[in-house]
1. Looking at the stretch 65-145 from every direction and averaging, what is the projected area of its Cα convex hull in nm²?
2. If Arg318, Arg256 are ordered by their accessible area, calculated over protein heavy atoms with a 1.4 Å probe, which sequence runs from highest to lowest?
3. Based on the Kirkwood radius over alpha-carbon pairs, what is the Stokes-Einstein translational diffusion coefficient of the stretch 152-311 at 4 °C with 1.567 mPa s viscosity, in µm²/s?
4. Under the 0.36 nm per residue contour assumption, what length would be gained going from the current alpha-carbon distance of Arg153 and Ala288 to full extension?
5. With a/c under 1.5 counting as rounded, go ahead and sort the stretch 295-401 into rounded, prolate or oblate using the C-alpha gyration tensor (a ≥ b ≥ c being the square roots of the eigenvalues; past the cut-off, prolate if a/b is larger than b/c, else oblate).
6. Along each principal axis of its Cα atoms, how long is the stretch 296-338 end to end? Whole angstroms, biggest number first, please.
7. So how much slack lies between Thr27 and Gln104, counting 0.36 nm per residue of separation and subtracting their Cα-Cα distance, in nm?
8. Could you compute the FRET efficiency for Asp142 and Ala277, with r as their C-beta to C-beta distance and R0 at 25 Å, rounded to 0.05?
Amino acid sequence: MTASLAESAGAPAPSPDTGAYLDHAATTPMTSAALAAFAEHARHTGNASSLHSAGRAARRTVEESREVVARSLGARPSEVIFTAGGTEADNLAIKGIFWGRRAQDKRRTRILVSAVEHHAVLDPAFWLAGHAGAQVVLLPVDAEGRVDVDTLRAELADHPQDTALVSVMWANNEVGTIQPVRDVVRAARPYGIPVHVDAVQAVGQLEVDFAASGADALTVSGHKLGGPAGVGALLARRDLPLDAVLHGGGQERGVRSGTLDVPAIAAFAVAVRDAVAGRAAYAARVAALRDGLIERVHDAAPDAVLCGPDPRTDPELRLPANAHFAFPGAEGDSLLYLLDSAGVQASTGSACQAGIPQPSHVLLAMGVAEDAARGALRFSLGPTSTADDVDRLIAALPQVVERAQAAGLAGTNRGARKTAEHGPANDGLVPRPSPSTHPSSPPAVHSDGSSSSATGDGLVPRPSPSARPSSSSKEHPA
Ligand code: PLP
């Protein structure tokens, strides 16, 4: 076994051999230090809202953790709102800012989001379109997945009074593209329009400083950086109009009620601290491993197309731990299951609708042809990744691609075959909301680029009609 990347700060807790795990962007192991913090605080009873000594001890742990998270991410402690993960923080940002801004001025109904956002941002925005009179503007991206800031500027100039917020992610979870967050903030600032940034994939890989970024709100999640799943935070400026999504006991500045999960928060803070402290060395090592992976995938599968920025020419435009390929002629989930049988775990870029694989909204927004987009695979590295993992992938890949392409050619009745092979009951599919409530289901994007808000779904397409995110019964890569 070659040296593990885990030798840096924030070493992961040892876990049973799971083969070559190349899906760290979905979730990555807890670090030993985070696990120890979790175990220590799980032994203590105490509700952080209680006034007795056990409660005060729990409160102290929460406030110390808040300070650690704030210090690590360039925020003030009072700007840290603990949540139950990235999805909740994104929902709080999109819904809370929308409601808060609209309460100040009822004209503010437009939500500007990049077409490649995670569903944790897209779906609340579309939910608001379906339920609260919002209009969602999908900002187009270029062939590498970078948001078009000129379109954003034009949108803002045309609608300075009726825009509620802008949301653009720091780095994309599928293709690893790093967004021009500073330019987005600069574009919105003259109008006083708040910017939310989903930094779930960025923290621990890139330098993320909330104050320096100029963003008004920023999402971070525990289980992507060595902390537990089900805990995260929204960093939010104190002057940001932000309405509550969860109502109850009034915890977390009154915008996020619910008893605080003290062990998870303590472990999260330790993981954030160590991920940020060890980031530069970790990023350099994982990037070198990833660059080798890309070279070798091209050798092993000459048809493979790298999606997103090429780190060999533009390393600063892509997350260091991310590689993503389209394998034309193959289905992503065939590739995934064949690789899994060979002990290699990766993530497909497709989603399933009624058992039929659908290409990722991210790839379509980038202009990747639908056929190629169907055969997408993401390989994401992490602290436990080794050269052995890459060797294992490369050893399996030629045969896996050949078999998946043969299956793709033979598959005249894809839907029936996929359902029969994998079965909806045990393939981990997550049902999406019903078409009547999920605004991305009805076909409302007009291919001529005209506004579809007349259909009542509130979607205002920008010039990339293919960018419309599809509804699915299976999640896109986390
Ligand atoms: N945003 C991005 C970019 C993600 O990759 C994820 C992960 O799935 C999320 C949000 C959701 O975070 P969580 O899994 O903590 O709910």
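The values are calculated or read from the model by the stated rules, or taken from the named source; none is laboratory data. Predicted model only: the values in this text are computed from it and were never measured. Virtual Cβ from ideal backbone geometry, glycine too; neighbours counted across all protein chains shown. Just so you know, the surface numbers come from the protein's heavy atoms only, side chains and all, with ligands and any DNA or RNA stripped out. Shrake-Rupley method; radii C 1.70, N 1.55, O 1.52, S 1.80 Å.
1. Details: hull surface 27.6 nm².
That works out to 6.9 nm².
2. Details: Arg318 5, Arg256 30 Å².
Order by accessible area, largest first: Arg256, Arg318.
3. Values: Rh = 18.0 Å.
After rounding, the answer is 72 µm²/s.
4. Values: separation 135, 0.36 × 135 = 48.60 nm, distance 3.62 nm.
Difference between extended and current length: 45.0 nm.
5. Working: a/c = 1.61, a/b = 1.14, b/c = 1.41.
Oblate shape, in that a/c is at least 1.5 and b/c is the bigger or equal ratio.
6. Result, largest extent first: 32, 18, 15 Å.
7. Numbers: separation 77, 0.36 × 77 = 27.72 nm, distance 3.85 nm.
Full extension from Thr27 to Gln104 adds 23.9 nm.
8. On the way: r = 34 Å, r/R0 = 1.35.
For R0 = 25 Å, the calculated efficiency reads 0.15.
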